[in-house]
Each structure stands twice: as structure tokens, then as C-alpha cells.
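Reviewing the structure listed below.
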């Protein structure tokens, strides 16, 4: 448990895309820069999807170009198909992410096609990315439960993960999209997936709807996973799951890891400042327990 954990910051994409308030390009760029300054060197900054479907991600090309000068950081963008890939490459993307769901119900609700059809859409993206020297990360949604299909069998997740791995994804991010997982189920799912894919190439993307994300992450770390997706301030949610909260808060993850003696390289003060600023723009306080506690401590100290 003492080795380093890599944190992938999701706030500017997975977090903001579910917020009701649209954030300006300038503010999104400043948010990314603040996160990098805090030590988060891998950040997903946008999604090349239809602005009609997800208006919050409009102008992701401008955001990616706006942070291209930042040194020492890797920026990821989400692409749903070849059209998205073309736009991402034109904006200078060097790492892209594709996404599929472990459940048919979520796949049809989210991208209006079956799981098998979604894979067919990604095949040309992965082939072109390989030819272009672009890395591709694969996301799997609803690995621990679906708002439409209910419980998801670990084998379904493992089979889909193996498909994405065989197609060329360098890393598979396993998403508890609606945050219903518990430690035992997370362990069973991770063991099923790691039977086919090296554990070093897996990432955990756990939302915190039922307050289980940190416990699930701990179990995953016991299984050997060392990559965690998180969102500053706990930003985000799921439009198909009423009440679903965002990704586990980066502050909470950092606090837990550092308390365990695991280095993250994250400056908590700078991370808190970035979280507070984006929360101010959204007009609500962060849902992160650690951010809430630290803000209260600062407020008392200033009285």
C-alpha cells in the first residue's frame, strides 16, 4: 500500500458536463491550470460530443488549445466516434478516451445504441489512433449497477474490458457511474476484470452517491489498482440516475491516501483554492467532506 497512486482529474469534463450552469471557456482553462498547479498532472479537459446533447462541453477544442502551453501535464479528451476524433486531433489531442457501458439499458439511454454497436463505432477510432500514435483510454460505465438494468454481473464487465483492451486501449477505467457499489461487489468485479487484464492497466472511477466510494477505492487498492479517477469538489452526477452524485472528490481521495502514507504529489491548499473558485462560479459549495472541513477551519481561523 505504500507505493505511489496516480490520480486522474475528471472535474473539467466528467464533473462540469453534468452541471446545470455552463462555465465559460476562459474559466474552464483557468480551472485546468489551477488543477495542474496543484500537482494534478493528468486532467481530462473536455469532450468532443454534440453541443446540443451536452452544451456544457461546447468549445472543448478551445479549452484544449488554451492549455496546450502548460508543461508537465497530460490532457485527455472524450471522443464518441470518428467525427469527435477528427475534431480532437485538429485541436491537438494526444490522448483520447472512448466509452462503453456494461449494461444494455444504459448504453441505449446514453448513446442510443447497443453495447455491441458502440464497440463498432470505436473500432475505427482505435485503428486511426494507433496509426497516429495517439493513446486511447477506455471507460466502462455502470460496472457495479445500472439505473435501468439493476445489478451487473462481473463477467459482463470483464468481457467488455477484455474487448476494449484487445482493441488497443492502454488503460481501462471502471466506472461505478451511479455510485451504488459496495466493497464486496467492487472486489468481485475487479478480480473478474484483472483475470484478463494486468491490474497495472486498470483504473477506478467510483461515484459517491451512497458514500461508498472511498471504501470501494481502498478495496481496489488492496487488489493492486493504483490509478484513481476523481473530481475536484466532487463535481458531477448522472442524468439518468436521480440523486446520483459526482465522482469521488479529489480532496477526499488525497486526504485518505496521504493519511495512509501514500504520496500523491498534490498540494491540498492549491487544490482547495481551485475547488472553491469553480464552486463559486457554479453558485454552490463543494460536496467534498474534506473541502468542507478545511473551508470551515479557515473561516474559524479568520474570525
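The values are calculated or read from the model by the stated rules, or taken from the named source; none is laboratory data. Worth saying up front: this structure is predicted, and the values here are computed from it rather than measured. Backbone-built Cβ (ideal geometry, glycine too); neighbour counts: all protein chains shown.
Of all residues in segment 277-291, those satisfying the criterion of being out of contact with any helix residue (DSSP H, G or I) (no Cβ under 7 Å at 6 or more places or on another chain) and free of Cβ contacts under 8 Å to residues at least 60 places away in the same chain are 280, 284. Residue pairs whose Cβ atoms lie under 6 Å apart, separated by 6 or more positions or on different chains, with the first residue in segment 249-271 and at positive phi and the second at pLDDT 95 or above, are 265/39.
Tell me which residues, restricted to segment 30-55, are surrounded by fewer than 20 Cβ atoms within 10 Å (Cβ to Cβ), modelled with pLDDT of 95 or more and in contact with a helix residue (DSSP H, G or I) (Cβ under 7 Å, 6 or more places away or on another chain). Working first, answer last.
So the first thing to find is which residues in segment 30-55 are surrounded by fewer than 20 Cβ atoms within 10 Å (Cβ to Cβ), and the list is 30, 33-34, 37, 39, 41-42, 50-55.
Filter once more, keeping what is modelled with pLDDT of 95 or more: 30, 33-34, 37, 39, 41-42.
Across segment 30-55, the qualifying residues are 34, 37.
Evaluation of residue 64 against the conditions (1) surrounded by 23 or more Cβ atoms within 10 Å (Cβ to Cβ); (2) free of Cβ contacts under 8 Å to residues at least 60 places away in the same chain; (3) part of a helix (DSSP H, G or I); (4) touching a helix residue (DSSP H, G or I) at 6+ places or on another chain (Cβ under 7 Å) shows that the sole unmet condition is (4). Among the residues of segment 127-158, those identified as surrounded by fewer than 20 Cβ atoms within 10 Å (Cβ to Cβ) and touching a strand residue (DSSP E or B) at 6+ places or on another chain (Cβ under 7 Å) are 134, 135. Of all residue pairs spaced 6 or more apart or on separate chains, none has beta-carbon atoms under 8 Å together with a first member in segment 194-212 that is within 21 Å of residue 136 (Cα to Cα) and a second member that is at pLDDT below 95 and surrounded by fewer than 21 Cβ atoms within 10 Å (Cβ to Cβ).
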